[in-house]
Structure formats: structure tokens, C-alpha cells
């Protein structure tokens, strides 16, 4: 998989995950997580890692946006809905970037890329993740959406995306 990961094998690729209902203290509503991961690696010690593939420059600002995505997958795998895929413990989260540097085409139906691959390990922080989930649930429970805020990372991201 990558030299910075512990020894193991790719166990699952592109599978849907769904969590049981998430019940958070102080909230009347519940939610659940559903998504599709790129790869789960089973390490030789019996633990698992969730790896998401990305194409582009790993030095860009977007890497931090994907950490919650990986936490969502890990949470759903460790707290699966009935009948859903469940795996535990998830000990490693990472983004495997494919950053093309050159392209070659030897025939009309075949394109090749020379690319650097770089693993960005994501520190697991369940406390911060559950705090984030609580803030999301508070928004969902509110009768009005919040006003845009210049200090909001999501608002800044949406503004940048809307320009394209």
C-alpha cells in the first residue's frame, strides 16, 4: 500500500458504511452517518486503517477538510447500523495523494501518468469529532440557518468553490 503504513493488505475497496443512530448528550434529535470509503487496510496486527485517495497537490489547503470525512468512516465502521459493515479498531486514518507530474500516451485508448504519491496521516481525535457532530446536530435542530461568518472555514470553502 505505502511504505509509511504498517504491514497489511487491502481488505475492502469502495464499500458503503452506515452508522447506528448517533445520540449525543444535550440533543433531542439523532442522526446517522452514511458514506462510501475508498479503501480499508487490515494490518497484520488485526487493526484497520481507512485510506482515502485524492488526486492533486497534497500541500494544498484542502487536506484539512478531509479529516472529518475519514473520522465519519471510522465512526460508522466502529458503530455500524444493523446489517452494515463493522470493523474495529480503526487505528489509522490517511489521505493517499496522487499528484501527476507528467502524462504520456502510447496509444489512443491508453493514458499514463507519472506521479508522486504521498501519504498524509490524519491524527484521530474522537473528542473533536463528536464536538463537531454536536455542532452539526445543533444546526439541524435550529429553525433558521446561521448567517455567513468570515471566520467560518466552511463558509470560506463554499465561497471559494462558488467562484469556479
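Odds and ends about this structure:
- Among 106, 67, 55: highest mean-square fluctuation, GNM of the chain, C-alpha pairs under 10 Å: 106
- Cα-based helix-to-principal-axis angle, 67-78 vs the chain, degrees rounded to 10: 80 degrees
- Cα shape, the chain, gyration tensor, a/c 1.5 rule: oblate
- Selected from 25, 118, 34 as most flexible by GNM, with the chain as the system and alpha-carbon contacts under 10 Å: 25
- Most fluctuating residue given options 145, 100, 82, as computed from a GNM of the chain linking Cα atoms under 10 Å: 145
- Helix-derived mean residue ellipticity, 222 nm - over the chain, DSSP H n ≥ 4, -39500 (n - 2.57), to 500: -7500 deg cm²/dmol
- Distance in nm between pseudo-label sites at residue 3 and residue 149 (7 Å out along the Cβ direction from Cα): 4.4 nm
- Taking the longest Cα principal axis of the chain as reference, the axis of helix 153-162 is set at about 60 degrees.
- Of all DSSP beta bridges confined to segment 8-162, the antiparallel ones make up roughly 75%.
- Between 0 and 90°, nearest 10: helix 126-141 axis offset from the chain longest Cα axis: 60 degrees
- Potential lengthening between residue 127 and residue 110 on full extension [0.36 nm per residue; Cα-Cα distance subtracted]: 1.5 nm
- For the pair segment 58-112 and segment 123-154, the centres of their Cα atoms are 22 angstrom apart.
All of the numbers you see were taken from the coordinates with simple rules; none came from a lab. Bear in mind the structure is a predicted one, so any value in this text is a computation, not a measurement. Positions of Cβ are backbone-derived with ideal geometry, glycine not excepted, and every protein chain shown enters the neighbour counts.
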